[in-house]
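Asker: This is the structure I have questions about; it appears just below.
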Amino acid sequence: MIGLMINEMEQKELEYVLKRELDEILFDFQDARIDTFVKRAMEERYKILFNLFKRVAPTSECMKYMRSKKSTVEKKDSI
């Protein structure tokens with residue numbers, strides 16, 4: 001386990017950057033032009049970023065970026 005000490009300003013900045021990345025990924029999941037192999041990579045990236053986001057953001061913010069089970073199941077069925 002690696003620890004990280006950051007101040008409140010750095011936490012807010014990290015939260016902001018992760019939100020922007022998650023917004024981009026969630027938006028791109030809707031794009032039908034993106035290949036399924038790319039979407040798999042996007043799914044992996046989403047999981048990593050969301051886990052990081054959960055560590056620095058309040059629960060109410062995390063709820064906004066959670067994917068529904070339905071969208072994840074539909075994605076796996078189409079692969």
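The values are calculated or read from the model by the stated rules, or taken from the named source; none is laboratory data. Not measured: the values here are computed from a predicted model. Positions of Cβ are generated from backbone atoms using ideal geometry, with glycine treated the same way; all protein chains shown enter the neighbour counts.
Asker: What number of residues within region 36-54 are within 8 Å of the chain's Cα centre (by Cα) and among the basic types (K, R)?
Answerer: Result for region 36-54: 2.
Asker: Please go through region 46-68 and pick out each residue that is in contact (Cβ under 8 Å) with a residue 12 or more places away in the chain and loosely packed, with under 14 Cβ neighbours inside 10 Å.
Answerer: Once the filter is applied, which keeps residues that are in contact (Cβ under 8 Å) with a residue 12 or more places away in the chain and loosely packed, with under 14 Cβ neighbours inside 10 Å, region 46-68 yields only M66.
Asker: What pairs can you find where one residue is in region 18-34 and within 13 Å of M66 (Cα to Cα), the other is part of a loop (DSSP other than H, G, I, E, B) and modelled with pLDDT under 95, and their Cβ atoms are less than 6 Å apart, with a gap of 6+ or different chains?
Answerer: L22/Y65
Asker: Among the residues of region 58-65, are any modelled with pLDDT under 95, part of a loop (DSSP other than H, G, I, E, B) and within 9 Å of the chain's Cα centre (by Cα)?
Answerer: yes
Asker: Take region 20-40 and flag every residue that is exposed (fewer than 11 other Cβ atoms within 10 Å of the Cβ) and among the aliphatic types (A, V, I, L, M).
Answerer: Residue satisfying the conditions is A32 alone.
Asker: Could I ask something else about it? Give the number of residues within region 20-57 that are among the acidic types (D, E), assigned to a loop (DSSP other than H, G, I, E, B) and under 30 Å from G3 (Cβ atoms).
Answerer: Looking only at that region, the number is 0.
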